[in-house]
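Asks: Dropping a structure here in structure tokens format, bear with me for questions.
The values are calculated or read from the model by the stated rules, or taken from the named source; none is laboratory data. Computed from a prediction, not measured in an experiment: that's the story for all the values here. Every residue, glycine as well, gets a Cβ built from its backbone with ideal geometry; the counts of neighbours run over all protein chains shown.
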There are 2 protein chains.
Amino acid sequence: MGSTPQVRRKVTLSDIAAGCNVSRATVSLVLRGSPLVNKHTRARVEEELRRQGYVYNRAAANLRRRTSSSIALVLNDLANPFFAEFAAGVDEAVAGAGFVTLLGSTAESPAREEAVLGSLVEHGPGGIILSPAEGSDARKVLAAVGSHMPLLLFNRELDGSVPEIAHWDTLALDNQRGAQMATEHLIALGHKRIAFFGGHRDSSSCRQRREGYRQAMHAAGLRVESHWMVESAPTRLDAARQTAALFAGKTSPTAAVCYNDAVALGLMLGLYQHGRRPGHDFAITGFDDIAEAQVSMPPLTTLSTVPRERGKQAAALLMQRLQHPDTPVGHTIAPVKLVVRESSCPPPAA
Amino acid sequence: MGSTPQVRRKVTLSDIAAGCNVSRATVSLVLRGSPLVNKHTRARVEEELRRQGYVYNRAAANLRRRTSSSIALVLNDLANPFFAEFAAGVDEAVAGAGFVTLLGSTAESPAREEAVLGSLVEHGPGGIILSPAEGSDARKVLAAVGSHMPLLLFNRELDGSVPEIAHWDTLALDNQRGAQMATEHLIALGHKRIAFFGGHRDSSSCRQRREGYRQAMHAAGLRVESHWMVESAPTRLDAARQTAALFAGKTSPTAAVCYNDAVALGLMLGLYQHGRRPGHDFAITGFDDIAEAQVSMPPLTTLSTVPRERGKQAAALLMQRLQHPDTPVGHTIAPVKLVVRESSCPPPAA
DNA sequence: TGCTGCATTTGTAACGATCCAAATGGCCGG
DNA sequence: CCGGCCATTTGGATCGTTACAAATGCAGCA
């Protein structure tokens, strides 16, 4: 039935035009649903499009129209579930707007980031969503993307960023407020000796979370022992390894605000290995609310960031910028929500 | 220093040509590193490129050369860590070959899959890597991508696929052999009553894993009770919910081969809730070796699929196909490796 | 009949790159 | 001094689409 053995070359708009004796211009109008074309003509053309199996060449159209139909998404770590969810959200919104997503991942390497950005920019995305690699430099990024490319920075800041060159929008989580809420929650439960566990001191998100923690402690008039600030890679494995450091000093904490969920889960494991029972004799909070948080043992009290929503939001913000290139840059801070589960118990009776 | 306030229009090759009194053709040759150009000329042109902040327009070049510099990656569930790792692997290899990845995710909906494929195809990728949505139909996919688009199917089969129309390559995990290995491992430990837990009966990977399980059981002369075959959504949560079903009949199993790691971890949780201790009085194996498998409690015996490697492999296979479009289609089965950890214990002494 | 107005349709020049055949200019041998 | 050769450069057509101004045809009306 109507099988046309389409062999070599791709079908173009000229083929369609020739196939039903109209001009290329008319076919183009049909493709774009213009009301100018006669409805009988339109029908003939559409039939021919179907018959020949035409596929639109958006690259050619974009070239002529000087438009773009893609956005680039560059992530420091796609394999991380947080960013994977984020990416899914971005793609969902981007696709909803009729765009496609160009993906790039940098594996936390500023050098790769530069290369990836360079390569993606050549493909002419309308804008870029970037979650920078650790140590990524503002001037380098700017050089790679150019000063007129709409750019949305997610989740982290760039090193050496000064207001004069920063033409980009940002979307960040409310790290400080989140850590503050977690700390206040533990304080309300009766804890007095609370640690801040995990993360790299020099990452911007870690700095902000520590700051929130410190403020809450200070506001409650509680001391912070220096050995309660434990650094670790933001992974389960390294967190488990660093557990012992918490109990190295003479005054042991009874609770810990963790840098993120991965670290919190690692700490749980480490506690079990030290013979302690998280959720019974030690309270823990996380950050992110990853899928495992609700089924860990015990279920983890944490700050929900809803990464998929953040992805959609990031895409929406970038689309905004595409439509209004000349509005002043915006800095959005997404609220986070405290989700209380069993890992945050009161301190053991003194 | 040398800051040229580049305002509106993008810099094109003509601008460079004009800027140093050579023809566009010469600039083009320089861009592509042709040995034809005089090295003094090349230097002048390169200086001008830098000075004006030129960025290559790959879309225009692709149009003229009738080539492509992208591949499309369409996933049924990007938020799943297995696919996120896979995507990271694909992107790594694709970027290494100087291509970019066009991302699409379908949220397990065949309708969205069709739309996403249609949209991506218009952007002219050189080929497509597709992990189909559940229930995705072969003819529909074929209609969306056309019969000449290089296509690699990953992880699942398409419904209604018949050899006459299947021009695509495939890359699959060795599901059957993997489940067989897991089952044999449990049998070697002394288990006789072994269940197969989780997954959707009609997904191709679940069928294959069940088949491997059945073969191993049969080869060992062991019975399979019907209530030992428990279905669940492939998620932790639903798996935890279905746990009770395992112990509904009169003969309870002492071990379970799980559809995948998520299910296995859910089952662990369910067992704890039923007062059993996985790794002590009940043995469990998973499938995938996701990151959590090594830090769960107890650490999970599972089949390692190395999704990132699969991603690289998928990209490599597709690149192969791009270079040799006329070689016969290939069906690759990636081996899996049994990783023994503490979750697979011997049966409790009778 | 000639003119205007409307609904359609169309030719042609772009968009930014590449391909190709042909031009340029310098140098060498005869 | 000329022809030929080499190394280099170049104009113009082209990829598949869209913008735009202009053409077409037909109906209505004075």
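Asks: Give region A:186-226 a look and list any residue that's surrounded by 24 or more Cβ atoms within 10 Å (Cβ to Cβ) and hydroxyl-bearing (Ser, Thr, Tyr), or say none.
Replies: A:TYR213
Asks: Quick one: is A:MET297 farther than 23 Å from A:THR183 by Cβ, among the hydrophobic types (A, V, I, L, M, F, W, C) and in contact (Cβ under 8 Å) with a residue 60 or more places away in the chain? Outline the logic, then answer.
Replies: On the way: farther than 23 Å from A:THR183 by Cβ: yes; among the hydrophobic types (A, V, I, L, M, F, W, C): yes; in contact (Cβ under 8 Å) with a residue 60 or more places away in the chain: no.
No.
Asks: Would you say B:SER68 is within 13 Å of DNA strand D (Cβ to nearest atom) and either within 30 Å of B:ARG310 (Cα to Cα) or buried (at least 22 other Cβ atoms within 10 Å of the Cβ) (or both)?
Replies: yes
Asks: Within region A:111-124, how many residues are without any contact (Cβ under 8 Å) to a residue 24 or more places away in the chain and either among the charged types (D, E, K, R) or at the interface with another protein chain (Cβ under 7 Å from one of its Cβ atoms) (or both)?
Replies: Selection size over region A:111-124: 3.
Asks: I'd like to check something: does region B:315-324 contain any residue that is under 28 Å from B:ARG156 (Cα atoms) and within 14 Å of chain A (Cβ to nearest Cβ)?
Replies: Yes: region B:315-324 contains one or more residues that are under 28 Å from B:ARG156 (Cα atoms) and within 14 Å of chain A (Cβ to nearest Cβ).
Asks: Related question: Any residue at all in region B:49-59 that is at pLDDT 95 or above, surrounded by fewer than 16 Cβ atoms within 10 Å (Cβ to Cβ) and more than 14 Å from every other protein chain (Cβ to nearest Cβ)?
Replies: No, the conditions are met nowhere in region B:49-59.
Asks: May I pose another question? Scan region A:77-110 residue by residue and report those that are within 7 Å of chain B (Cβ to nearest Cβ) and of a type in the set (Val, Ile, Thr).
Replies: Within region A:77-110, A:VAL100, A:THR101 meet the criteria.
Asks: Separate question: On the basis of being within 16 Å of DNA strand D (Cβ to nearest atom) and without any contact (Cβ under 8 Å) to a residue 60 or more places away in the chain, does A:ARG139 make the cut?
Replies: no
Asks: Something else: For region A:322-350: of the residues being assigned to a loop (DSSP other than H, G, I, E, B) and charged (D, E, K, R), which is surrounded by the fewest Cβ atoms within 10 Å (Cβ to Cβ)? Steps first, answer last, please.
Replies: Going residue by residue through region A:322-350, those that are assigned to a loop (DSSP other than H, G, I, E, B) are A:324-330, A:335-336, A:340-350.
Still in the running and charged (D, E, K, R): A:326, A:341-342.
On the way: A:ASP326: 5, A:ARG341: 18, A:GLU342: 16.
Filtering first and then ranking leaves A:ASP326.
Asks: Take region B:155-179 and flag every residue that is within 20 Å of B:VAL141 (Cβ to Cβ) and charged (D, E, K, R).
Replies: Selection gives B:ARG156, B:GLU157, B:ASP159, B:GLU164, B:ASP169.
Asks: Do you know which residues across region B:157-171 are over 24 Å from B:GLN313 (Cβ atoms) and not in a loop (DSSP other than H, G, I, E, B)?
Replies: B:ASP159
Asks: Now for a different question. Hey, among the residues in region A:15-24 that are in a helix (DSSP H, G or I) and in contact (Cβ under 8 Å) with a residue 12 or more places away in the chain, which one's farthest from the other protein chains (Cβ to nearest Cβ)?
Replies: Looking at the filtered set, the residue picked out is A:GLY19.
Asks: Of the residues B:VAL37, B:VAL55, B:VAL27, only one is on the phi < 0 side of the Ramachandran plot and away from DNA strand D (no atom under 16 Å from the Cβ); which?
Replies: From the options B:VAL37, B:VAL55, B:VAL27, the qualifying one is B:VAL55.
Asks: A further question on this structure: From the list A:GLY279, A:GLY249, pick out the single residue that is modelled with pLDDT under 95 and either within 21 Å of A:PRO348 (Cα to Cα) or among the β-branched types (Val, Ile, Thr) (or both).
Replies: Step by step, each of A:GLY279, A:GLY249 is checked, and only A:GLY249 is modelled with pLDDT under 95 and either within 21 Å of A:PRO348 (Cα to Cα) or among the β-branched types (Val, Ile, Thr) (or both).
Asks: I'm checking my understanding of the structure. Among residues of region B:135-149 that are of a type outside the set (A, V, I, L, M) and under 18 Å from B:ALA107 (Cα atoms), which one is surrounded by the fewest Cβ atoms within 10 Å (Cβ to Cβ)?
Replies: For region B:135-149, the residue satisfying everything is B:GLY135.
Asks: Taking the stated definitions as given, is B:THR183 among the hydroxyl-bearing types (Ser, Thr, Tyr), buried (at least 21 other Cβ atoms within 10 Å of the Cβ) and over 25 Å from B:MET268 (Cα atoms)? Give the derivation first.
Replies: Values: among the hydroxyl-bearing types (Ser, Thr, Tyr): yes; buried (at least 21 other Cβ atoms within 10 Å of the Cβ): yes; over 25 Å from B:MET268 (Cα atoms): no.
Taking the combined requirement at face value, the residue does not satisfy it.
Asks: Could you go through region A:276-285 and let me know if any residue there is under 27 Å from the mean Cα position of the chain (by Cα) and either more than 14 Å from chain B (Cβ to nearest Cβ) or over 25 Å from A:GLN176 (Cβ atoms) (or both).
Replies: Yes: one or more hits.
Asks: Another one. For region A:29-77: of the residues being within 31 Å of the chain's Cα centre (by Cα) and of a type in the set (D, E, K, R), which is farthest from DNA strand C (Cβ to nearest atom)?
Replies: That would be A:ASP77.
Asks: Could you count how many residues in region B:60-76 are closer than 13 Å to A:LEU103 by Cβ and either free of Cβ contacts under 8 Å to residues at least 60 places away in the same chain or facing another protein chain (nearest Cβ under 7 Å) (or both)?
Replies: Residues of region B:60-76 that are closer than 13 Å to A:LEU103 by Cβ, as a first pass: B:70-75.
Imposing the further condition that a residue be either free of Cβ contacts under 8 Å to residues at least 60 places away in the same chain or facing another protein chain (nearest Cβ under 7 Å) (or both) reduces the set to B:70, B:72-75.
Residues that pass the stated criteria total 5.
Asks: For the subset of region B:7-18 comprising residues that are more than 8 Å from DNA strand C (Cβ to nearest atom) and modelled with pLDDT of 95 or more, which member is surrounded by the fewest Cβ atoms within 10 Å (Cβ to Cβ)?
Replies: This residue is B:ALA18.
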